[in-house]
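All remarks here apply to the structure that follows.
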Amino acid sequence: GACRDVDRALRVDFAATKALFHLPEGMIYLDGNSLGPLPKAAAARVAQTVTDEWGEMLITGWNKAGWMAQPEALADRIGRLIGAEAGHVVLGDTLSIKVYQALAAALDLNPTRRVILSDSGNFPSDLYMAEGLIGALDREHDLRTVAPEAVMDALSDDVAVLMLTQVDYRTGRLHDMAALTKAAHKRGIVTVWDLAHSAGAMPVDLARCHADFAVGCTYKYLNGGPGAPAFIYVAPRHSAGTGISRMRVGTPPVLQMAALDAAMDIWDHVDMQALRARALAFSEILIAGVEAACPDLRLASPRDPAMRGSQVSFHHPQGYAIMQALIAHGVVGDFRAPDIIRFGITPLFIDEDEIGRAIDILAAIMRDGTWDQPQFRTRAAVT
């Protein structure tokens, strides 16, 4: 198929990376954009940290096992995937905390302005962090949100910070980081980029784009596990003299970092351009297959592959029930309100045959009305 031709041209062996993950038998996992699967090496790595390091070294592990250095050392491995300069990314805490830190620092760089500009497709939690910071500062700041397509035209001289998530978590729509950052800087605006749906999903080049701050999580495409630490990037021009360690908060999550360390061993051998080419090829196959077989599903993601991240979303009024039926039939994606069925395209462990089988299963569910059952309509706490 086309994907195999791409792989051969780029000399990529994605079958080898797939073999490094534990995936339940028979499951087609298209939800790596919400929680990546378990790297096979992670369990042993965490066990080693527990027994050999915590168990035998106790408090001396902070030095002997390098626990204290891990937030910077691991972060530099992520930095390669997001185009960050060495020594300018650090790990720790949750993404919400890192958003709060980045936004607070960005506002301090623009003390005479009062507007934080974001878009209506941003993570609600990012907007909550902005609202909370505004209340805590009590300096009459204002959060202004516009449609994603309207951000460029909304840049103005009263905006202090542009805070955006590069890839829209609902639709997969991709913001042009380079163009928006350049336009923002021309207006004297500081930029904060959330990479939750782009780190590990596609090439990112923070340094070349001249981004000021960036944040992201490691439990999605980077496969660090539930509760894995977040990261923050500060451009060198803003951290000279203080360094990235200033963005560390509290005690490093040693056990979570052990799992992430095992996951990053896989990423050290991944070419991001090759990953992107394969992800887009899979996306095109999925869109074409679903539109041909399931006319009631309407594409929510941009039609142009260059305009979307590594996910494909569709609208349907009964999207929740359809997704629950899919999961019951071994195809795991997820749902986002009000009506979006969402599939993460993760080439490290998904292959072309699985994309084809997922299309066939979805087509059968739609054709037979399998989704229209009470057990598939009952909402769970996490969708």
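The values are calculated or read from the model by the stated rules, or taken from the named source; none is laboratory data. Not measured: the values here are computed from a predicted model. Cβ: placed from backbone, ideal geometry, glycine included. Neighbour counts: every protein chain shown. Side chains included, ligands, DNA and RNA excluded: accessible areas come from the protein's heavy atoms. Shrake-Rupley method; radii C 1.70, N 1.55, O 1.52, S 1.80 Å.
Of all the numbered requirements in (1) among the small types (Gly, Ala, Ser); (2) open to solvent by 10 Å² or more (accessible area, probe 1.4 Å); (3) within 17 Å of the chain's Cα centre (by Cα), Ser310 misses one, and that requirement is (2).
Looking at region 1-26, which of its residues are charged (D, E, K, R), over 14 Å from Met272 (Cα atoms) and either touching a Ser or Thr at 6+ places or on another chain (Cβ under 6 Å) or at pLDDT below 95 (or both)? Matches in region 1-26: Arg4, Asp5, Arg8.
Which residue, of Leu143, Leu180, Leu164, is in a strand (DSSP E or B) and either out of contact with any strand residue (DSSP E or B) (no Cβ under 9 Å at 6 or more places or on another chain) or under 22 Å from Pro236 (Cα atoms) (or both)? Explain how you work it out, then say what you get.
Numbers: Leu143 fails: either out of contact with any strand residue (DSSP E or B) (no Cβ under 9 Å at 6 or more places or on another chain) or under 22 Å from Pro236 (Cα atoms) (or both); Leu180 fails: in a strand (DSSP E or B).
Going through Leu143, Leu180, Leu164 in turn, the sole match is Leu164.
Collect the residues in region 115-134 that are aliphatic (A, V, I, L, M) and either in contact with a helix residue (DSSP H, G or I) (Cβ under 7 Å, 6 or more places away or on another chain) or at pLDDT below 95 (or both), keeping them in residue-number order. Walk me through it before giving the result.
Taking region 115-134 first, the residues aliphatic (A, V, I, L, M) are 115-117, 127, 129-130, 133-134.
Ile116, Leu117, Met129, Ala130, Leu133, listed by residue number.
Under the condition of being more than 21 Å from the chain's Cα centre (by Cα) and either buried (at least 18 other Cβ atoms within 10 Å of the Cβ) or in a strand (DSSP E or B) (or both), the residues counted in region 86-116 number 6. A single entry from Gly26, Gly36 fulfils the requirement of being closer than 14 Å to Gly225 by Cα and touching a residue at least 24 places away in the same chain (Cβ under 8 Å): Gly36.
Here is a yes/no grid of residues against (1) out of contact with any strand residue (DSSP E or B) (no Cβ under 6 Å at 6 or more places or on another chain); (2) surrounded by fewer than 18 Cβ atoms within 10 Å (Cβ to Cβ):
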| site | (1), (2) |
| --- | --- |
| Arg278 | yes, no |
| Ala306 | yes, yes |
| Arg342 | no, no |
| Asp360 | yes, yes |
| Gly369 | yes, yes |
| Pro374 | yes, yes |
| Arg377 | yes, yes |
| Ala381 | yes, yes |
